[in-house]
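Written out below as structure tokens is the structure these notes cover.
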Amino acid sequence: MKLLWKLLRRHISLSQLAGFFLANLLGMLIVLLSLQFYQDIKPAFTAEDGLIRSDYLILNKRVTVLGSIGLGADGTFTQKEMDELRSQPFTKRLGAFTASRYKVACNMGIEGVAQFGTEMFFESVPDAFVDVDLQKWHFAEGDDVVPIVLPRTYLAIYNFGFAQSQNLPKLSESIVGMVDLTIAMRGNGRSEYIKGRVIGFSSRLNTILVPESFIRWSNARYAPESDTSPTRIILEVNNPADDAIVTYVNQHGYELEEDKLDAGRMTFFLRLTAAIVMAVGLLISLLSFYILMLSIYLLVEKNSERMRTLLLIGYSPYRVALPYQLLTVGMNAAVLLLALFALYCLRVQYMQMLWTVFPKMSDGSFMPAVLLGLLLFAVVSIVNIIAVRNRIRLIWQNKE
């Protein structure tokens, strides 16, 4: 084997192989880095308490002057309108807001000492759209406590507006979860009380949320004759930057919460950017693979006479092709290992910066990048092995 390798390596171009090695290393690193960075940064955007939750839009009908004085449409969505929205190509999933149709008041206190009270309202959406832990998100008739989710904006308004003006202490999310809530519900000739417990804060939904089961039960009990048609719709869409969404909304006289639309666009462009970077890396990898194939073919052509001689004196095509196959597989393995090492070093650096900005952010798994690297290594190596084998076989068939 050593003698065979010494004979065949005489025409190997180190510059060509070095060019392939560096180009393939760069391409592999770009592909793996783009995937890994997307996996690591995604929790900051899509986690339950992240900057944004992607692809969710809030939709309502425009409020008109006639509607304000009770002479126009009531602003609710009909079943036909919801079915039409659900059938649109940009819609993945649709949910309706259901509002409480009775009077609600809330007294808040700590350890049984009342602090202040306020009139309020409740709304619900399907559980799939609630961006908090759902383990405590349930209610059944007979329960003495109803779980509540508040918007994070409400806590900010209290801490930096109301609390400062009234000389009240600021509250953290954990402290709010310990606040005693007494909910008074009045309607249909009834006046009853129930305990409430704040179990989380929503960054997606700007309303006071309770479970759908509670809304259905309480509306049937305190407002059985009321119309429960939804006035707001939540949509999960395929692409929030799709122009068809804005066109459809304008044509039907609806309104979108612009911050939700912009947030969805941010997530979409994050994915698009990651895809573009990965495509560039794959292109570089393909070009480097092409360079390798040219180098191997050129090397085989230069050694074709020697190969014919080796084949004529009894060497099998497998033994003649083996040195070139080992060369390509070895270089591909070295590229993979160096790319993973470089990726690990880069990841350590950028994760420190990300944790500075997002202290509670959890990092993504390193395994997808490793699996993708192994897949690229396997595909490129198998193609190289087959190409070299076929070329040697062609020389064998024409050895005479």
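So here's what we get for this one:
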{"read-out": "Residue within region 14-21 that is open to solvent by less than 70 Å² (accessible area, probe 1.4 Å), modelled with pLDDT of 75 or more and part of a helix (DSSP H, G or I) present", "value": "yes"}
{"read-out": "Residues located in region 62-105, provided they are modelled with pLDDT under 85 and either assigned to a helix (DSSP H, G or I) or not β-branched (Val, Ile, Thr) (or both)", "value": "ARG62, VAL65, LEU66, GLY67, SER68, GLY70, LEU71, GLY72, ALA73, ASP74, GLY75"}
{"read-out": "Cβ pairs under 9 Å, 6+ apart, first in region 86-97 and over 14 Å from PRO126 (Cα atoms), second assigned to a strand (DSSP E or B) and of a type in the set (Lys, Arg)", "value": "ARG86/ARG93"}
{"read-out": "Check on THR228, of a type outside the set (Lys, Arg), on the phi < 0 side of the Ramachandran plot and modelled with pLDDT under 85", "value": "yes"}
{"read-out": "Qualifying residue in region 214-234 (condition: assigned to a strand (DSSP E or B), over 26 Å from the mean Cα position of the chain (by Cα) and touching a residue at least 24 places away in the same chain (Cβ under 8 Å))", "value": "no"}
{"read-out": "Per-region count, region 140-176, residues under 29 Å from ASP55 (Cα atoms), open to solvent by 20 Å² or more (accessible area, probe 1.4 Å) and of a type outside the set (Ser, Thr, Tyr)", "value": "6"}
{"read-out": "Matching residues, region 166-187, being closer than 20 Å to PRO151 by Cβ and hydroxyl-bearing (Ser, Thr, Tyr)", "value": "SER172, SER174"}
{"read-out": "Tally, over region 124-152, of residues that are part of a loop (DSSP other than H, G, I, E, B) and either out of contact with any helix residue (DSSP H, G or I) (no Cβ under 9 Å at 6 or more places or on another chain) or within 20 Å of ILE233 (Cα to Cα) (or both)", "value": "8"}
{"read-out": "Region 180-212 - residue that is open to solvent by 40 Å² or more (accessible area, probe 1.4 Å) and closer than 15 Å to HIS138 by Cα and, of those, farthest from the chain's Cα centre (by Cα)", "value": "LYS195"}
{"read-out": "Count of region 154-184 residues which are farther than 14 Å from GLY200 by Cα and in a loop (DSSP other than H, G, I, E, B)", "value": "4"}
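The values are calculated or read from the model by the stated rules, or taken from the named source; none is laboratory data. Because the structure is predicted, anything quoted here is derived from the model rather than measured. Cβ sites come from the backbone with ideal geometry, for glycine too, and all protein chains shown count toward neighbours. Ligands, DNA and RNA are stripped out before the accessible areas are found, and what is left, the full protein with its side chains, is counted by its heavy atoms. Shrake-Rupley method; radii C 1.70, N 1.55, O 1.52, S 1.80 Å.
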